[in-house]
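The values are calculated or read from the model by the stated rules, or taken from the named source; none is laboratory data. If you're wondering where the values come from, they're calculated on a predicted model, not measured in any experiment. Note that each Cβ is placed from the backbone with ideal geometry, even for glycine, and that neighbours are counted across all protein chains shown. Areas reflect the complete protein model, heavy atoms only, side chains present, ligands, DNA and RNA absent. Shrake-Rupley method; radii C 1.70, N 1.55, O 1.52, S 1.80 Å.
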Amino acid sequence: MLDGSSLWAVFTLIAAAGQTARNAMQSALTATLGTVGATHVRFLFGFPFALVFLAAVTAVTGQPLPRPRPIFWPWVVDGALTQIVATALMLAAMGRRSFVVAVAYIKTEPVPVALFGLIFLGDALTLLTTVAILVATAGVVIISRKPRGGIRGDLLPAAYGISAGAMFALSSVGYRGAILSLEHPSFVMAATFTLAVGLVLQASLLSVYLAVCDRAVLAAVARAWRPSLFAGAMGAFASEFWFLAFSLATAASVRTLGLVEVLFAQAISTLMFRQPTSRREIAGIVLVVIGVALLILAS
């Protein structure tokens, strides 16, 4: 039977697969809904599923909902707000580069995650874990560069993608801090409760913003409810497993293993979007795999 030291890795792999599907759908919706509209889809159509997850966990475990202490709220607000910004930046990057390369930019995230986790949560890293993070991140940097080392024309999408990675790092640390602050005996309940609170907060904030500033986008989101429903469902599904992983392991370990998403993105980029893969990108992917293997050895 799997213990906590193995479960976090299983949860992370499931989350990465679900997130790849969600990102592909959100990327496709950007053309019709715009960056803000496609960002909103993740939260508006995701929070009902998060509430269903919470109800299911409550019914199965018979445990009461957590009673958050005051410190829970700054953590969850940080996680929610930085994730909104990160998602918008991610979609902007995907609109300017191939799907897999945009994901590679974003996946520089483990480095700031490790730094922020150490500063804000005291999540220490072993030498092997640090090497794993650096090797895997080097892989995504190689994937994102043009032949002969050139980056001409790539500065804007690179800025969007790397900034998105930094914001996702802050979000990961914020959500892990929120989960740990609950001190609930069930890590499943703590993770699911935090997810539900975060998604309700995000959906509410973006709905109010669009209702005040851009009702046309809000109406367009409503009209695109069918594909949006799938994106929201996959987003909530992926987030549930990310949060479960955060409850058992450091954010840096989770996000480094999550670099396998680059491999999933490569498959979607080739099969769905018909975007070819260069030898340089393959070399970068190999480094990602090596880094992930080192991380598993370190855990």
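For the range 248-257, putting each phi into the Karplus relation 6.51 cos²θ - 1.76 cosθ + 1.60 with θ = phi - 60° gives couplings of 10, 9, 5, 4, 5, 5, 4, 6, 5, 4 Hz, in residue order, rounded to whole numbers and with x for Gly and Pro.
One compactness figure for the chain is 0.95, namely its Cα radius of gyration divided by 2.2 N^0.38 Å.
Here the calculated FRET efficiency for Leu156 and Ala283, from their Cβ-Cβ distance with R0 = 41 Å, stands at 0.95, rounded to the nearest 0.05.
Summing Lys and Arg as +1 and Asp and Glu as -1 over all other residues whose Cβ lies under 15 Å from the Cβ of Val173 gives a net charge of -1.
Rolling a 1.4 Å probe over the protein heavy atoms gives the chain an accessible area of 43 Å² per residue. Across the range 106-245, C-alpha contacts under 8 Å between residues 6 or more apart give a mean separation that, scaled by the residue count, equals a relative contact order of 28 percent. Couplings 3J(HN,Hα) for the range 80-88, derived from phi with the Karplus relation 6.51 cos²θ - 1.76 cosθ + 1.60 (θ = phi - 60°), are 5, 5, 5, 5, 4, 4, 4, 5, 5 Hz, where x marks Gly and Pro. Compared with the alpha-carbon gap, the fully stretched path from Leu263 to Phe230 is longer by 9.7 nm at 0.36 nm per residue.
Summing Cβ point charges (Lys, Arg +1; Asp, Glu -1) relative to the Cα centre of the chain gives a dipole of roughly 900 debye.
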